[in-house]
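The values are calculated or read from the model by the stated rules, or taken from the named source; none is laboratory data. Only a predicted model underlies this, so the values are computations on that prediction, with no experimental measurement involved. A quick note on method: Cβ atoms are made from the backbone with ideal geometry, for glycine too, and the neighbour counts reach across all protein chains shown. Ligands, DNA and RNA are excluded from the accessible area calculation, which covers all protein heavy atoms including side chains. Shrake-Rupley method; radii C 1.70, N 1.55, O 1.52, S 1.80 Å.
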Amino acid sequence: MAEFSGKRIVLGITGGVAAYKTAELARLLVKADAAVDVVLTEAATQFVGPATFQALTSRPVLTDLWDARAPGGMAHIDLSRGAAAILIAPATADFLAKLAHGQADDLLSTLCLARACPLLVAPAMNRQMWEQSPTRRNVRQLIDDGISLLGPGSGDQACGEVGPGRMLESEELFEELVAFFQPKLLAGKRVLLTAGPTFEALDPVRGLTNSSSGKMGFSLARACHEAGAAVILISGPVALPTPRGVTRINVESAAQMREAVLRELPGQGLFISVAAVADYRPAKAEVGKIKKNGKVMALDLVQNPDILAEVSALPEAPFCIGFAAESQNLAEYAEGKRLAKKLPLVVGNLLQDGLGGDANSVTLFDDQGAHPLPSAPKIDVARAIVAHIASMLIPR
Ligand code: CTP
């Protein structure tokens, strides 16, 4: 995917062992069509070499304030002009201190002070260094100065200790940088989503479920978070990683999903119901395993509550969005569900277009009519849905 098409990123590397992860990050950025200018501090060159980054980015790598290759000898000014952002990964405790105090005694720190673009830092250090009051003070100052902090994560450290201070993994940094550039269309909003299938137990080992992969719901949770919302994702059983920054609650049955939704609902501005909730559950879940007896077996099923309809009927209902996955007559069924459940917006798709795959082709149904979106990867479809929702939230 070309998330960074037309963007130039300055990737600053300071002297920490996590610098090896930045090589992978540079590769991910280049693969996403970014032009990547790498700047190493002298300490960074003790851990990684310019040749690695030159090979990965196909661009010159700078280490020296006095590098004669920069036109007019002004690398510290020129590099940030026209750049979409500077990302420092890893950012050592020493470098954070420099940034906090506006020190400019090498190419990277000078470049940061002279920048005309956003600055993001991915701290990496021993947990005690991270927790010391000078670092806490510096971090507060950086946040005050509008610098974005990515991480750090927590876990095993190169020094053998365990705790906060690990640099985020390259994929996580990549995802954070992608999110950074998304328009903050839902800033300050609180969003509750459901996703995935539900599982309705028949006995301790068997149950009724469906083939929803959860991918569309998880993509929407990610897109809402990228757009600046606080997101809670209530998920049925799926094997998907939780999008960064999203709070996830796992449930199994429709009844558990309903209970979690009603519990989390107060204070939510939007409810996006993507889950393929089972419409029926076995009238009785057997305590012991059901044994075969050679005869035809009939199952008694009772209807589950409709979570979305219940939420949208509440006196203080949030802005509710439904999904309709149909095998035929998409417009008729989706619009029918929108009116029946009193929803401002329904996202409809034909099962053959989306189920289980990474791409989807959807049509949005609202009071203004039907709006087909181009077929695209689910994350792009999710971002387009978010943009449509945001446009509906602005009073017309
Ligand atoms: N939904 C829900 N609770 C249910 C059933 C559905 O919250 N018990 C929500 C889904 O998350 C989706 C919307 O309602 O946003 C439509 O779901 P769908 O299963 O397509 O429609 P139903 O109303 O159940 O109609 P049918 O299954 O007959 O097509």
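Worth pointing out:
- Size descriptors for the stretch 118-197: radius of gyration and Dmax over Cα atoms are 15.5, 48 Å.
- Remark: for residue pairs 31/378; 7/378; 98/189, the C-alpha separation exceeds 25 Å in 98/189.
- Mean separation of Cα contacts under 8 Å, 6 or more apart, over the residue count of the stretch 8-181: relative contact order %: 23
- 290, 147, reordered so the largest accessible area comes first (probe 1.4 Å): 290, 147
- Taking each residue as 0.36 nm, the span from residue 368 to residue 255 lengthens on full extension beyond its C-alpha to C-alpha distance by 37.3 nm.
- The Rg/Rh ratio of the stretch 214-288, with Rg taken over Cα atoms and Rh as the Kirkwood radius over Cα pairs, comes to 1.01.
- Across every pair of non-identical alpha carbons in the chain, the mean reciprocal distance, once inverted, gives a Kirkwood radius of 23.6 Å.
- Projecting the Cα positions of 331, 194, 318 onto the charge dipole of the stretch 190-393 (unit charges on Cβ atoms of Lys, Arg, Asp and Glu, taken about the Cα centre) puts 194 furthest along the positive direction.
- Dipole magnitude (debye, nearest 20) for the stretch 8-181, charges at Cβ of Lys, Arg, Asp, Glu: 200
- Within the shell of other residues whose beta carbon sits under 12 angstrom from the beta carbon of residue 151, the net charge comes to -1, with Lys and Arg scored +1 and Asp and Glu -1.
- A Förster distance of 35 Å, applied to the separation of the beta-carbon atoms of residue 339 and residue 300, puts the FRET efficiency at 0.65.
- Magnitude of the charge dipole for the chain, about its Cα centre and with charges confined to Cβ atoms of Lys, Arg (+1) and Asp, Glu (-1), is about 560 debye.
- Within the stretch 14-31: backbone nitrogen closer than 18 Å to the residue 42 label point (7 Å, Cα to C-beta): 14-16
- In the stretch 8-181, the convex hull through the Cα atoms has an average projected area of 9.0 nm², a quarter of its surface area.
- Between residue 353 and residue 187, the modelled labels are 3.3 nm apart [label points 7 Å from Cα along Cα→Cβ].
- Using alpha carbons only: equivalent-ellipsoid semi-axes of the stretch 190-393, gyration tensor based, whole Å: 29, 19, 17
- Relative to the longest principal axis of the Cα atoms of the chain, the long axis of helix 19-31 makes an angle of roughly 60 degrees.
- Paramagnetic reach from residue 201 in the stretch 245-285 [backbone N under 15 Å; point 7 Å along Cα→Cβ]: 251-257, 281-285
- When the GluC sites (Glu not before Pro) in the stretch 106-188 are filtered for DSSP coil states and for at most 16 other beta-carbon atoms within 10 Å of their beta-carbon, the remaining sites are 161, 169.
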